[in-house]
Amino acid sequence: MKRILFTLPIMFVLAITLPGASAQNCNFYLPLVENSGLEYENYNRRDRLEGSQEVVISTVRNDGDRVIATINAKHYDRRNRIQHEGEYNVICQGDHLSIDIKSLLDQSVLEGFEGMDMEIEGDELVLPSGLSQGQELPDAAMKITVRSSGMQIAEMNLTIENRRVLGRETIEVPAGTFEAYKISYETRMETRAIGIPIRTNTKTIEYHVEDLGMIKSEYFNDNDRSQGYTVLSRII
């Protein structure tokens, strides 16, 4: 299953801790150590391996009252052939972590618009430093406008909403068995080409472990039918 527009499950990029950031309050999830990382496997709804991801922390630096981590993500097909590679920054400031949603775009999805003018607007995805059952998390949105010869030919609007912490569960994945926070959110996307709208909605359930990060992500359609899942396969 192709993940809509994004290189990674949304919540993974925020599930980190920044050591050395004592002035900050980002004391939640994966200890951020340069050259460490996680590996994931992606499966379709029939439990068939579709591909994998390798996420490695390349640098961590201080910038005034912020700590900025640069993360490199590589994506492989089912035969372990690299498909594409991306890099993005995660920012710790005060009591929350954030990332510009535009930096998560899967560039391979946009290759069909090569040579055209694209305007991308978007919010930051935010995760507070602590989670609790019933907690609601901020929404985020992004808009992509595509023009050719000055004429608009396509527009994509994406909203990530209804982000909630549902509780804690014991989850088993190839990398081990963990007590994890269960987080849900909905992704709504509308694409317009020549004025004709195409709408898709996806529900995602993710499981996050303190001092580790995201260990599992499940994807469902409007009818709550499974569309695939991602699991943590190895800690680097």
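What residue, among those in the range 137-167 that are buried (at least 17 other Cβ atoms within 10 Å of the Cβ) and of a type in the set (D, E, K, R), is nearest to the chain's Cα centre (by Cα)? This residue is R163.
Among strands (runs of 3 or more DSSP E) entirely within the range 137-236, having at least 1 residues that are modelled with pLDDT under 90 singles out 140-148, 151-173, 176-193, 196-209, 213-220.
Residue count for the range 183-224 satisfying the condition of being crowded, with 17+ Cβ neighbours inside 10 Å, over 17 Å from E161 (Cα atoms) and touching a residue at least 60 places away in the same chain (Cβ under 8 Å): 6. The residues on offer are G150, G176, G213, G195, and the sole one that is under 19 Å from L38 (Cβ atoms) and out of contact with any helix residue (DSSP H, G or I) (no Cβ under 8 Å at 6 or more places or on another chain) is G176. In this structure, does T177 turn out to be without any contact (Cβ under 8 Å) to a residue 60 or more places away in the chain, more than 20 Å from Y219 (Cα to Cα) and surrounded by 15 or more Cβ atoms within 10 Å (Cβ to Cβ)? For T177, the condition - without any contact (Cβ under 8 Å) to a residue 60 or more places away in the chain, more than 20 Å from Y219 (Cα to Cα) and surrounded by 15 or more Cβ atoms within 10 Å (Cβ to Cβ) - is not met.
The residue that is modelled with the lowest pLDDT, among those in the range 57-87 that are charged (D, E, K, R) and outside any strand (DSSP E or B), is D65.
Selection of first residues in the range 161-174 that are more than 28 Å from M142 (Cα to Cα) and of second residues that are exposed (fewer than 15 other Cβ atoms within 10 Å of the Cβ) and β-branched (V, I, T), restricted to Cβ pairs under 8 Å at least 6 apart or on distinct chains, gives the following pairs, ordered by first then second residue: T170/T177; I171/T177. Please list, ordered by first then second residue, the pairs with beta carbon atoms under 8 Å, 6 or more apart or interchain, first in the range 68-83 and farther than 18 Å from I236 by Cα, second at pLDDT below 95 and not in a strand (DSSP E or B). Within 8 Å, the pairs are Q83/S108.
The values are calculated or read from the model by the stated rules, or taken from the named source; none is laboratory data. Remember, it's a predicted structure, so these values are computed and weren't measured experimentally. Here Cβ is always computed from backbone atoms with ideal geometry, including for glycine, and neighbour counts include all displayed protein chains.
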